[in-house]
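Q: Shown below is the structure under consideration.
Derivation of every value follows stated rules applied to the coordinates shown; laboratory data play no part. Treat the numbers as computed from the prediction; the structure is a model and nothing was measured. Here the Cβ positions follow ideal geometry from the backbone for every residue, glycine too, while neighbour counts run over all protein chains shown.
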Amino acid sequence: MKMSKKSKQFVVLGLGKFGTSIAKALVDSGYEVLAVDRNEEIVKYFSDNATYAVQADITDKEALKELGIANFDVGIVAVGDDMESSILSTVLLKELGVEYIVAKAQNEIHKKILEKIGADKVVFPEHEMGLRIAANLINNNILDVMEFSKDYKILEIAVKQEWIGKDLRALGLRKKYSMNVIAIKSNEGEMIISPEADYVMKENNIIVAIVPSHIESSQEWF
């Protein structure tokens, strides 16, 4: 069992690949995490990587209540492949008073149902990973891509060689590519939020930008 250093508490329901990766990342960042799964072997295997790991039926309201689920700030429903369990677990977290609920969906219908019943954020891990890989294969300058909404996505872009030494005004990224720069990661690891138009690009800078979703991450961009 690992001890936490931060006050925000998370509960992760379902210890598949998605659930275990999230739980471990949160624990490694110093947060308190309760990991819950029906499978005793999985719980035993994961017990050293969570603050608490418990075997329980995540669709049983009384079982969740006994675990003190209402005391957790964030609930993560990580059982996207079992739609019935996913939906019921989300409903129970809502009923038990968890403030913020993140749920994994397997398709658009599942997503809409989860949103209707109270999930604050619905994720498609496989879909989002596919977007990242495809974008990087198409254009090596694109380091990461994330869907921000149905209309916009966020890109992390490595500064091209020909951009070095030019400022944002001269590059004209908004006019040329409908790209709104929201931050720049500097060489020293500093995150510059809302950089000024006279910010001069340096080698190894990374641009964080919002672009319309309909724009393809193609080589024709730049």
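Q: Test residue 47 against the stated conditions and say whether it is under 22 Å from residue 26 (Cα atoms) and surrounded by 23 or more Cβ atoms within 10 Å (Cβ to Cβ).
A: No; evaluated as a whole, the condition is false for this residue.
Q: Restricting to the stretch 42-52, what's the tally of residues that are touching a strand residue (DSSP E or B) at 6+ places or on another chain (Cβ under 6 Å) and in contact (Cβ under 8 Å) with a residue 40 or more places away in the chain?
A: Residues that pass the stated criteria total 4.
Q: So which residues in the stretch 10-45 are under 17 Å from the mean Cα position of the chain (by Cα) and farther than 20 Å from residue 124 by Cα, if there are any at all?
A: 27, 28, 29, 31, 33
Q: Could you please find all residues in the stretch 167-194 being touching a residue at least 24 places away in the same chain (Cβ under 8 Å) and farther than 15 Å from residue 157 by Cβ?
A: Scanning the stretch 167-194 gives 167, 169.
Q: Between 63, 70, which is free of Cβ contacts under 8 Å to residues at least 24 places away in the same chain and part of a helix (DSSP H, G or I)?
A: Result: 63 is the single residue among 63, 70 that is free of Cβ contacts under 8 Å to residues at least 24 places away in the same chain and part of a helix (DSSP H, G or I).
Conditions (1) over 19 Å from residue 10 (Cβ atoms); (2) in a helix (DSSP H, G or I); (3) touching a strand residue (DSSP E or B) at 6+ places or on another chain (Cβ under 7 Å), marked per residue:
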residue: 35; (1), (2), (3): no, no, yes
residue: 75; (1), (2), (3): no, no, yes
residue: 81; (1), (2), (3): yes, no, no
residue: 93; (1), (2), (3): no, yes, yes
residue: 106; (1), (2), (3): yes, no, no
